[in-house]
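Here's the structure, in structure tokens; my notes come after.
What follows is calculated from the coordinates using simple rules that are stated; it is not laboratory data. None of these values were measured; they are calculated from a predicted model. Neighbour counts run over all protein chains shown; Cβ positions are idealised from the backbone, glycine included.
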Amino acid sequence: MNTTLGLKLPTDPRWANLAEMDLEEILTDHAYCEQKAATACISLIQAFPDRQELVEELAPIVTEEWGHFRMVLVELKKRALRLGRQRKDEYVNELLKFQKKGGTRDEALLERLLTCALIEARSCERFRLLSLHCADEDLRGWYHKFMIAEAGHYRMFLDLAERYFGKDATWNRWQEYLRYEASVMGNMPARSDRMH
């Protein structure tokens, strides 16, 4: 999966076993990640309504991500767990620091599409680990569905970037993002209560 996603620093598979030990925490963080993914898509549509393909492709993703948020709420309730408070997302904040500032509107779009692609790629990788290593069989199947969805979203953001900015420009900047993300992951403490 990492080869396909391009991530330079894979997550230690033991993270999944640690995450499963405190399901309320990891499910809470997962829920807010889905909510923020929906919000990010809405924000892109609001900022770039003139990009018809972007609007048409992201509109259904908003619905899907909000559906995922509701799925996590159902899972919490089923397990007699509660949705906790939203925490600061240090991983995403670090990625936002890497975005080029002060450029053109088009340049800002490329940065935002690649940031979204990277978040989806890392989420996909983490869902894959949970789908493979959770002791709970139901959770393994449940997370497999999320993994498939995130893989599609990751590819969609990259495809939009390539459509608007060409393969070469997208690929070159994407490689910079991947190298930066690996350094972020390497410098952050492993948190079993966070999706990222």
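So the values come out like this:
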quantity: Cα-centre dipole for segment 15-187 with unit charges at Cβ (Lys and Arg positive, Asp and Glu negative), debye to 20; calculated: 300
quantity: Gain on full stretching of the segment that runs from D193 to E90 - 0.36 nm per residue minus C-alpha separation; calculated: 35.8 nm
quantity: Neighbour-count ranking [beta-carbon atoms within 10 angstrom, fewest first] of T28, T11, T104; calculated: T104, T11, T28
quantity: Cα-based shape type of segment 128-196, given that a ≥ b ≥ c are square roots of the gyration tensor eigenvalues and the cut on a/c is 1.5; calculated: oblate
quantity: Bins of 10 Å, starting at 0 and running to the largest distance - Cα pair percent for segment 24-148; calculated: 12, 39, 33, 13, 3
quantity: Span-rule helices in the chain, defined as complete DSSP H runs reaching 27 Å or more along the axis (Cα) with Kyte mean at least -0.5; calculated: 23-47, 52-78, 105-133, 137-165
quantity: Simple spin-label estimate for T39 and A182 in nanometres, 7 Å along Cα-Cβ; calculated: 3.1
quantity: Net length gained if the chain between L81 and E137 were fully extended (0.36 nm per residue, minus Cα distance); calculated: 18.3 nm
